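Written below as structure tokens is the structure these notes are about.
We did not get these values from a lab; they are worked out from the coordinates using the rules stated. None of the values given here were measured: they were computed from a predicted structure. Here the Cβ positions follow ideal geometry from the backbone for every residue, glycine too, while neighbour counts run over all protein chains shown.
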Amino acid sequence: MIRAAVCLDARLRTHQGQHAAAEVLLQHALGNGFGLPAAGTDLVHDSCGRPAVAAHPEVHVSVSHCEGAVLVAASSARIGVDVEWLRPLDRFALARMLNPAEIDRVLRSPDPDREFFRYWTLKESYLKAVGTGLGYAVKDLDVDVAPDGTASVRSRQAWVGLDERFEGYVLAFCSLDSGPGDTDVALERRELTRL
Amino acid sequence: MNLLGAITNLVKDYAEVEDDQLTRATDPVRDLHLNSYDMMSIIGRLESDLGVEIAERDVRRLVTLGDLDDYIKAKLQT
């Protein structure tokens with residue numbers, strides 16, 4: 001099970017605020033999903049910036065933030081998550097991150113901005129799960145998104161999924177493991193005042 | 001305008017920051033809180049504007065604005 005929590009709030013504009021919100025959201029996810037007390041959930045980061053729970057290396061965590069949103073997840077599977085707010089796509093990022101077939105699909109889409117951020121967040125979630133971050137040959141990562149939003153990554157042992165229930169945002173999840181429950185996402189929305 | 005000036009001008013499009021806050025030592029992710037999307041947009045624009053290619057394998061070690069400045073200068077000289 002991927003235990004995820006998201007906070008969507010226009011006040012989440014600064015990195016400090018997003019970081020503080022992520023800590024609280026993670027404590028919540030780790031407490032609810034794994035019974036870990038808040039005092040035992042201090043995070044460490046590896047050389048690629050990937051977070052981990054110092055006292056519980058068996059639990060994998062992932063954190064993403066953008067303007068107005070923080071998304072966290074915890075799981076016994078190796079996971080990655082990403083959230084982006086929908087805005088006009090940047091053609092430089094498009095050319096940098098997507099391969100020609102993906103660019104073609106984005107530009108032919110009835111909603112190119114949304115389609116672009118689907119691909120972007122799916123790729124980011126995979127990179128976070130793998131732990132390589134930027135620098136990976138991301139164009140070589142072939143992502144497919146069906147018209148109904150079902151997503152997949154070609155030639156990789158990975159499950160990816162989109163969540164577009166929140167207006168103005170695209171959320172993506174990736175699990176590198178496929179055991180029972182490893183691809184089930186339990187997502188909870190938390191309000192800033194209740195963090 | 002020198003190269004570092006062009007880089008800082010571009011970064012200012014993505015971060016609410018004053019000129020005197022941007023130096024060669026500035027880390028856009030750590031200091032300006034830009035995310036991966038911002039960084040890829042900036043790198044893509046630098047490639048387009050300056051006619052250089054910034055290899056994927058090199059992106060991870062381009063941490064500061066000074067790193068970017070040095071890397072692009074070296075590329076422009078080859």
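Quick check: anything in region A:4-23 within 24 Å of B:D31 (Cα to Cα), away from every other protein chain (no Cβ under 14 Å) and either in contact with a Phe, Trp or Tyr (Cβ under 7 Å, 6 or more places away or on another chain) or assigned to a helix (DSSP H, G or I) (or both)?
Scanning region A:4-23, I find at least one residue that is within 24 Å of B:D31 (Cα to Cα), away from every other protein chain (no Cβ under 14 Å) and either in contact with a Phe, Trp or Tyr (Cβ under 7 Å, 6 or more places away or on another chain) or assigned to a helix (DSSP H, G or I) (or both), so the answer is yes.
Determine if region A:30-44 includes at least one residue that is of a type in the set (A, V, I, L, M) and crowded, with 21+ Cβ neighbours inside 10 Å.
Scanning region A:30-44 turns up at least one residue that is of a type in the set (A, V, I, L, M) and crowded, with 21+ Cβ neighbours inside 10 Å.
Need a quick list: helices (runs of 4 or more DSSP H) entirely within chain B having at least 3 residues that are under 11 Å from the mean Cα position of the chain (by Cα) and more than 11 Å from chain A (Cβ to nearest Cβ).
B:3-12, B:65-77
Restricting attention to region A:66-88, report how many residues are surrounded by fewer than 22 Cβ atoms within 10 Å (Cβ to Cβ) and of a type outside the set (A, V, I, L, M, F, W, C).
Final tally of qualifying residues: 6.
Residue by residue, here is whether (1) without any contact (Cβ under 8 Å) to a residue 24 or more places away in the chain; (2) out of contact with any strand residue (DSSP E or B) (no Cβ under 8 Å at 6 or more places or on another chain); (3) under 30 Å from A:D111 (Cβ atoms) holds:
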| position | (1), (2), (3) |
| --- | --- |
| A:H15 | no, no, yes |
| A:P37 | yes, yes, no |
| A:A54 | yes, no, no |
| A:S62 | no, no, yes |
| A:E84 | no, no, yes |
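Restricting the search to region B:46-78, which residues are more than 23 Å from A:S64 (Cβ to Cβ), of a type in the set (K, R) and in contact with a Leu (Cβ under 9 Å, 6 or more places away or on another chain)?
B:K73, B:K75
Of (1) touching a residue at least 12 places away in the same chain (Cβ under 8 Å); (2) assigned to a helix (DSSP H, G or I), A:T193 satisfies all except one. Which?
Here A:T193 meets the rest and fails (1).
Return the residue satisfying two criteria in turn: it lies in region A:55-87 and is of a type in the set (S, T, N, Q) and under 14 Å from A:L30 (Cα atoms), and of such residues it is farthest from the other protein chains (Cβ to nearest Cβ).
If we take residues in region A:55-87 being of a type in the set (S, T, N, Q) and under 14 Å from A:L30 (Cα atoms), then A:S76 is farthest from the other protein chains (Cβ to nearest Cβ).
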